[in-house]
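**Q** Just dropping this structure here.
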Amino acid sequence: MRLELPDDAASLTDAVVAAVRDGVQRGELVPGPTYSVYRLADALGTSRSPVREAVLRLAEVGLVEIARNRGFRVVVPGAREVEEIFEVRLALEPPAAARAAERGCPDAADLLATMAAAATAGDEPAFWAADRALHHALLVAAGNRRAAGIVEQLRATTALLGPPTTATGRTLAEIHAEHAPIVAAVAAGDPDAAAAAMRDHLRRTAALLAREGAGTPVT
């Protein structure tokens, strides 16, 4: 188990939460096995207390399932869970994109360019890091860091369905192309177009993820 604690977390528990999410996204932690709190603490080089607190927090958002007296298991979302996740994201991210268009988001263009370069190079880790950073930057630009944290939790859950290029059947270039009109509308200061482009992107992703994860598209 290769997990690392990030240096920029607000607390040790937050760092463990981030390490587990990253481990899930990189395939170090997978659905099926039961993971021991003790083993996780050893892997991270920390005490068991923050690990227990982190597991409880992750269980609250549905990322793991606690196995009584044994540890925890990673939980894969089904079609209904995917639908619920994107209902929340659709409630948060299109309005945030609109507010970002009104207020400005200086980092958006650079992050989109990073996505384009990573797509050309076939560098999936760099692409998805820039993708997450772009969505986060738009939420922060809208003035809602709490919403940014919620979206990050929801993305960690859908990451369990596998790499987005595999889970949705889209190429990196195609996913980059879905983000381009969002950033263009934000740069143009057009809140309606920014919200509409974000809504289109999320609805397409939701339908494809639900179909891949459980055979039932989101309508």
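**Q** Give me the net charge of Pro6's neighbourhood, meaning all other residues with Cβ under 15 Å from the Cβ of Pro6; Lys, Arg count +1, Asp, Glu -1.
**A** Residues near Pro6 contribute -3 overall.
**Q** Of Ala43, Gln25, Leu92, which is farthest towards the positive pole of the stretch 15-101's charge dipole, taken about the Cα centre with +1 and -1 on the beta-carbons of Lys, Arg and Asp, Glu respectively?
**A** Ala43
**Q** If you roll a 1.4 angstrom probe over the protein chains with everything in place, what fraction of the accessible area of the stretch 1-154 belongs to carbon and sulfur, to the nearest %?
**A** Exposed carbon and sulfur together represent 48 percent of the surface.
**Q** Accessible area per residue for the stretch 41-155 in Å², computed with a 1.4 Å probe and the full protein assembly in place, what is it?
**A** For the stretch 41-155, the solvent-accessible area averages 49 Å² per residue.
**Q** Gain in length, Asp190 to Asp107, computed as 0.36 nm per residue apart minus the alpha-carbon separation, to one decimal in nm?
**A** 28.2 nm
**Q** Something else: Which of Leu138, Ala197, Leu56 sits closest to the plus end of the dipole of the chain, meaning its Cα is farthest towards the positive end, when Lys and Arg get +1 and Asp and Glu get -1 on the C-beta?
**A** The one lying farthest along the dipole's positive direction is Leu56.
**Q** What are the membrane-span-like helices in the chain by this rule: whole DSSP H runs, Cα extent along the axis at least 30 Å, mean Kyte-Doolittle hydropathy at least -1.0?
**A** Span-like helices, by this rule, are 79-103, 191-214.
**Q** Quick one: compute the contact order of the stretch 84-181, relative version, from alpha carbon pairs under 8 angstrom and 6+ residues apart, as a percent.
**A** The normalised contact order for the stretch 84-181 reaches 33 percent.
**Q** At R0 = 25 Å, how high is the FRET efficiency between Glu87 and Arg39 if r is their beta carbon distance? Nearest 0.05 is fine.
**A** For R0 = 25 Å, the calculated efficiency reads 0.10.
**Q** Treating only the Cβ of Lys, Arg, Asp and Glu as charged (+1, +1, -1, -1), what charge dipole size does the chain show about its Cα centre? Round to the nearest 20 debye.
**A** Once rounded to the nearest 20, the dipole reads 720 debye.
**Q** Within a Cβ distance under 14 Å of Ala118, other residues only, what is the Lys/Arg minus Asp/Glu net charge?
**A** Once positives and negatives cancel, what remains is -4.
**Q** Still on this model: With an 8 Å cut-off on Cα pairs and a minimum separation of 6 or more residues, tell me the relative contact order of the chain in percent.
**A** Relative contact order comes out at 23 percent.
**Q** Cβ under 14 Å from Thr171's Cβ, Thr171 left aside: what net charge do those residues give with Lys, Arg +1 and Asp, Glu -1?
**A** Local charge sum for Thr171: -3.
The values are calculated or read from the model by the stated rules, or taken from the named source; none is laboratory data. Just so we're clear, the structure is a prediction, and the values are computed from it rather than from any experiment. Note: ideal-geometry Cβ built from the backbone for every residue, glycine included; neighbour counts use all protein chains shown. Keep in mind that these areas ignore ligands, DNA and RNA; they rest on the heavy atoms of the full protein, side chains included. Shrake-Rupley method; radii C 1.70, N 1.55, O 1.52, S 1.80 Å.
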